[in-house]
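The values are calculated or read from the model by the stated rules, or taken from the named source; none is laboratory data. Just so it is clear, the model here is predicted, and its values are computed rather than measured. Note: ideal-geometry Cβ built from the backbone for every residue, glycine included; neighbour counts use all protein chains shown. Please note that ligands, DNA and RNA were not included when accessible areas were found on the heavy atoms of the full protein model with its side chains. Shrake-Rupley method; radii C 1.70, N 1.55, O 1.52, S 1.80 Å.
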Amino acid sequence: MTERTTADKGALAARLLATFLDELDEQLRALDADLLALERDPADAEHLKSVFRIAHTLKGASRAAGVNAIEEVCHELEAMCAVARDAGTPLAGSQISLLFAGSDALADAGRMLREGRDARSSPVVVELLQQLRRRASGADSSERARPAPIIPVHDPDHDRRLPGPEPDRRSPRSAVEGPAMISGPSPVERDDQIRVGARQLDSLVTVAGELLGMTGMIGDRPAAVEALAESIRGWRGEWERTAGAYQRSLVRSGASPTLIAAMAAVDSRLVHLDRQVGELARAIGEDARSLGGTTSRLVENVGRLRMRPFSDIAEKLPRAARDVAATLGKQVQVVVEGQEVEADRTVLDTLREPLLHLVRNAIDHGIGASADRIRRGKKAEGSITVRAELGGDRLRITVSDDGAGLDVDSIRALLKERGRSVPADDRDVARTLFESGFSTRRVATNISGRGVGLDIVRTAVERLGGTVNVQWVAGAGTTFTIQVPVSVATLRALLVLAGRQMLAIPTTFLERVMRVSRGQVRLVEGRTMLTIGSEAMPLTSLARLLGPPLVDPPPEPDLNIIILAVEGRRLAIAVDEMCEEREIVVRPLEHAGDEADLKYSGAALLDGTRIALVVNANALVSSAGRDGGRDASMGFAIETIAPPREWHILVVDDSITTRTLEESVLTAAGYRVTTAVNGVDALRLVEEGGVDLVVSDVEMPRLDGLGLTERIRATAAHAKLPVILVTSLDKPEARARGLEAGADAYIMKSSFDQDTLLGIVRQLLGDAA
């Protein structure tokens, strides 16, 4: 009983400590925001009261959790605030510095507790308590006699401290050089929440991914059952044709009634079997569609559980900026916008350190000293804006400053001085800032100069399958732009084969897919290029980009091509086979190594046995640019067939993969192609005129292909417009509905072939002519 009681008490203490540490993080974010406001306006009584309340709350909570070191720190901070509050006097600059140091000490104590260490052994806590006690005893009452303190540089880990002089903070607006001035919206309000462990959430995502894979596998079952039903219908027809005549002859010949009855029973059972299997096929189809819808909703909701507001990583940026600006003796105002924008927890956690680097970089390299800014006609106080916004399934974050912009000529000079290649284009020169080991600082400092900051930014962003670039206006400022997926847990991808390996290509970077003849491949100055009309772009194979164990397949007459577009750079990639486009749940690759981490952003379980590696599209395009795409073995020629005149074809499909495949086939054959994503948009384009033929999917949102066909046929002006329906619905009744709606031809996606499509198109346009 005693051992159990002791164990219960230990478990309770552990739960109390875990709860307290979560509360500590939340309170410290609020504390830093209040302290930044107090530093801007030391006479702000409301923020002073808020700091007092936070210290008082944490003191009580730490006492309940048994963390005496934090309780003692909070007691001293509370006492300092109470004196200023009761006296009605503004806090002095040194007092605000001590409060900031108190915030850092509390954060360091929390870090040590998470590591299983005693918070009382934190040197930051020990030093702070000594300062506070000296001040309380009167030994440090003179502002002028007090030596320059250690100014802590605040970062997400609270583990880096930079020595430096403390500027005069008593009148920051009047000082020529002063600390960071911070402004921004208050933290976003959140709904009632419950805490779920990260591991539990990851486990739920894994299960959702497995369910999604199994749903895809089950989705193939209706077609198999339908094929069985078709076979049974064929057997039944054969039986009726042969057995019926044989049964009549048996009756005429006076055969045994038992034999005649047995044959009749077989006929009856075959009819019954035909009916049952048909009903089973319909039921399985409905169940598969229902399961697919439920699974999609589950995956979507699980994805939402992982979503966190941008404020989670943005709230600490103003404090970090304040410390760096104070160390450098600069005045900086940091504004954070879009704090309510939500993204996947993993995405935000990965961007935490890169954003800190960009803000520190903007203060150190972008924002000049106040005196220099005034000479240039600018305000003494520099400005940095961190903005988050959503664009489809992409999170876009910009870090902009109003400094001097990039000095491209100086960067070129440094590149030449250090023996590096010097690009001719200014944008390529700017990209060298993201290379490892390159810095515009000739001498390294505690803040910059070692050439790792922007390399860390680029590497982290590319691991997420995102991009980062820089733009600037000389003398006006610099903007770094990060674009990453909103979620790395789920994404839409095109599944392709390279060798025997299934690979997933995110559709975000997928510009188009197509089949091309080898005659469209040329060697231009040693580079393998794909020509599409008058345009040429680098071409390589996915197997060559990713390397062993993947190998190129034997030569074929035509190539399956995917075209990736990343930040204005385009790359054509040959793959063995394009399989399907689908939603996948991505799991991280563990212990894969740095090289694999750069090539792949994760893996997806497609069904019970198949796994697809998720390709990092940005890394592929970058690596192809570095190696030049040189491969003389891929140059051959084949002719394309041009139609007698430039016919205008409208392709309608809500899938980018199908849409671009059909577009590329028709464009390569010489047709002019316009695309639409649903029947409503397609009908508008038809009514505008000039369309000679329509190729449409059946299942689409807003207005499906059947409805589109019926509306086209209902108008006198377009009643004879040729319509081809391309669909995955291969049931006889589905084909019948399409033809009843007025379609001229019906093509199955399962047996899609570009020659079949082109043959039907030429036949219908020939009839139309």
Q | Proximal lysines relative to LYS49, as straight alpha-carbon distance under 23 Å, when same-chain residues fewer than 8 apart are discounted | A | LYS59, LYS316
Q) Taking the simple approach of a point 7 Å from Cα along Cα-to-Cβ for both ALA565 and ARG63, what is their distance in nm? A) 6.4 nm
Q: Compute the separation of the alpha-carbon centres of the stretch 680-728 and the stretch 329-359 and state it in Å as a whole number.
A: 47 Å
(Q) Are there any trypsin sites (Lys or Arg not before Pro) in the stretch 308-403 that are in a DSSP loop and have at most 13 other Cβ atoms within 10 Å? List them by number. (A) ARG376, LYS379
Q) Quick one: ranking THR658, THR675, THR467 by accessible area, 1.4 Å probe, largest first, what do you get? A) THR675, THR658, THR467
Q. Can you work out ³J(HN,Hα) from phi for every residue in the stretch 130-135, in order, using Karplus 6.51 cos²θ - 1.76 cosθ + 1.60 and θ = phi - 60°, giving whole Hz and x for Gly and Pro?
A. 4, 5, 5, 5, 4, 5
Q: Just reorder GLU353, GLU581 by solvent-accessible area, largest first, 1.4 Å probe, all chains present.
A: GLU353, GLU581
Q | Linear extension gain, GLN763 paired with ALA261, 0.36 nm per residue minus alpha-carbon span | A | 175.4 nm
Q: For the stretch 255-260, take each phi angle, set θ = phi - 60°, evaluate the Karplus expression 6.51 cos²θ - 1.76 cosθ + 1.60, and give the result in whole Hz per residue in order, putting x for glycine and proline.
A: 5, 4, x, 5, 5, 4
Q: Name the long-range amide H neighbours of VAL651: under 5 Å, sequence gap of 5 or more, or other chain; modelled H, no Pro or chain starts.
A: THR674, THR675, ALA676, VAL695
**Q.** Relative packing of peptides 253-259, 309-315 - highest average C-beta neighbours within 10 Å first
**A.** 309-315, 253-259
**Q.** Pairwise centroid distance, computed over Cα atoms, of the stretch 98-139 with the stretch 462-541, Å
**A.** 50 Å
(Q) Can you compute 3J(HN,Hα) from phi for each residue in the stretch 703-718, using the Karplus curve 6.51 cos²θ - 1.76 cosθ + 1.60 with θ = phi - 60°, rounded to whole Hz and x for Gly and Pro? (A) 8, 7, x, 5, x, 4, 4, 4, 5, 5, 5, 7, 9, 4, 5, 10
Q. Between VAL271 and ARG241, what is the FRET efficiency for a Förster distance of 22 Å, r being their Cβ-Cβ separation, to the nearest 0.05?
A. 0.95
Q | Computed over the stretch 462-563: relative contact order in percent, which uses C-alpha pairs under 8 Å that are six or more apart | A | 22 percent
